[in-house]
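Taking it in order: structure first as structure tokens, then the write-up.
Just so it is clear, none of the values below were taken in a lab; they were calculated from the coordinates. Bear in mind the structure is a predicted one, so any value in this text is a computation, not a measurement. With ideal geometry, Cβ positions are generated from the backbone for all residues, glycine too; neighbour counts draw on all protein chains shown.
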Amino acid sequence: MPQHLKTVQKEREALSVEQLLRLKKAEQPDRAFWNQFEKQMHQRMFQEAMHSRPSLARRFSAALLHSRILTLGAPAAAALLVFGAVLYMPTAQGTGNGPIIADSAVDMVVSVNAPALDRTKASRESFVRDNLQMNLDNGRYLKVMAAADLPIGGAQVSGIRYVADQLGAHGARGDVLFASNSF
Amino acid sequence: MAFTRATGQLAGAEAIASTQIDEDLALVTSVQNGDAQAFDALMRKYRERIYSIVYNITANREDAADLTQESFIRAYTSIGRFKGKSSFFTWLYRIAVNTTLSHVKRHRMRRFFSFDNINEEMAPTEIVECLAQRHAGDRSAGLAELQEKLNEALQKLSPKHRTVVILFEIEGLNHQEIAQIMKTSEGTVRSRLHYAKQELQSFLQDYVK
């Protein structure tokens, strides 16, 4: 091809910087990315709120559960009416693993930070037991979310295990009980 | 007639923008009063746009996801300080840009690309046609190559120049909005934009006029 025709063809093929940059708009993550994003986002916001302002965490977990109740429909909503109190327990060192938020609806959250509570281990355990009993009397639990580093239970028993044991000890009326740090 | 129609369209666009700002303010007030669900609504509304800015500045999808989340968390924890002097999106964009530029500064020695896939249906027609001629009809290969070159070129710009180009050319913000977000003058925005485009023109000379 003659040189001048090559030049004409090249000019036809050329684009402006502005046109090229429009391609960047087509770079997009897929739907699965956003599902994962939202899950991680809720988890991080909850953890952040727990470590900075417990009242924010309470609002956030309540809002999260409320939104799920709305999408689950009436039968599930009935089962979830028992969303229990968020029990704020003081952490041993104030750090460590944060609470884990479930990727499906939970009925009760047992977590860290309770400045109002007296700090002896026995009274904290009694507080958890009483609250579990109180909420069990009002309904049934399907899932309990607990922080791994709850400063209750013995040296060999994690906070999660302690809560699970207490639920079992209180008789869960055959409901599905699930306490884990990896919902 | 054309003038009337254009004016009408502008008035319509302004009305939509104004409604959006009012909606955002109502949601922000709800969040400030303790309604965390309202923040979820704001997050869903802006997450794609915030992610897009962060992704285009970092050219790394994992970092972008992380920094987008961090930006929203910062916005959530400091929303009590939002007084409505600027629109919520300007305030949120500023948080995202600052968070991202700090990250880029901290990790300036680390250059690791990780791209999102190109949605070929969204690729501009003129680019697709141009690439089809160059790559004998292999559209995907051409798009992938251009994507890499474009991202490399953007990464050669300084973070501030890159941010201005991204906000103007990709996000469609105007000079005034960019100046507010980057806390600088409109003149600086214009000059950065001009310089950045010249640089891009030179980096992408195989493709541009």
Query raised in the report: Each residue of the stretch B:111-122 in order: what ³J(HN,Hα) in whole Hz does its phi give by Karplus 6.51 cos²θ - 1.76 cosθ + 1.60, θ = phi - 60°, with x for Gly and Pro?
Result: 10, 9, 8, 8, 9, 6, 5, 7, 7, 4, 5, 8
Requested in this report: Partner chain Cβ atoms within 10 Å, averaged over the residues of A:25-38 - can you pull that number for me?
Outcome: 6
Requested in this report: May I ask you to list the trypsin sites (Lys or Arg not before Pro) in the stretch B:132-203 that are in a DSSP loop and have at most 15 other Cβ atoms within 10 Å of their Cβ?
Outcome: B:Lys183
Report task. For helix B:88-106, report the angle its Cα long axis makes with the longest principal axis of the Cα atoms of chain B; keep it between 0 and 90° and round to the nearest 10°. Result -> 50 degrees
Query raised in the report: Does anyone have the angle between helix B:139-156 and the longest principal axis of chain B? Alpha-carbon axes, 0 to 90°, nearest 10?
Result: 60 degrees
Report summary line: Percent of all Cα-Cα pairs per 10 Å bin for chain B, counting from 0 up to the last occupied bin, reads 8, 28, 32, 23, 8, 1
Report task. For n ≥ 4 DSSP H runs only, could you compute -39500 (n - 2.57) per run for chain B, divide by its residues and tell me the 222 nm figure to the nearest 500? Result -> -24000 deg cm²/dmol
Query raised in the report: Where the centroid of each part is defined by its Cα atoms, how far is the stretch B:153-209 from the stretch B:80-111 in Å?
Result: 17 Å
Report task. At 7 Å along the Cα-to-beta-carbon direction for both B:Ala41 and B:Ser191, put a label point, then send me their distance in nm to one decimal. Result -> 4.3 nm
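Please order B:Leu146, B:Leu101, B:Leu27 by the number of other Cβ within 10 Å, starting at the fewest.
Details: B:Leu146 23, B:Leu101 16, B:Leu27 19.
Fewest-to-most ranking of B:Leu146, B:Leu101, B:Leu27: B:Leu101, B:Leu27, B:Leu146.
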Requested in this report: Any chance you could run the full-extension gain for B:Lys83 through B:Thr29? It's 0.36 nm times the residue separation minus the Cα-Cα distance, nm to one decimal.
Outcome: 18.5 nm
Query raised in the report: What distance in nm separates the simple spin-label points at B:Glu121 and B:Arg106, each placed 7 Å from Cα in the Cβ direction?
Result: 3.8 nm
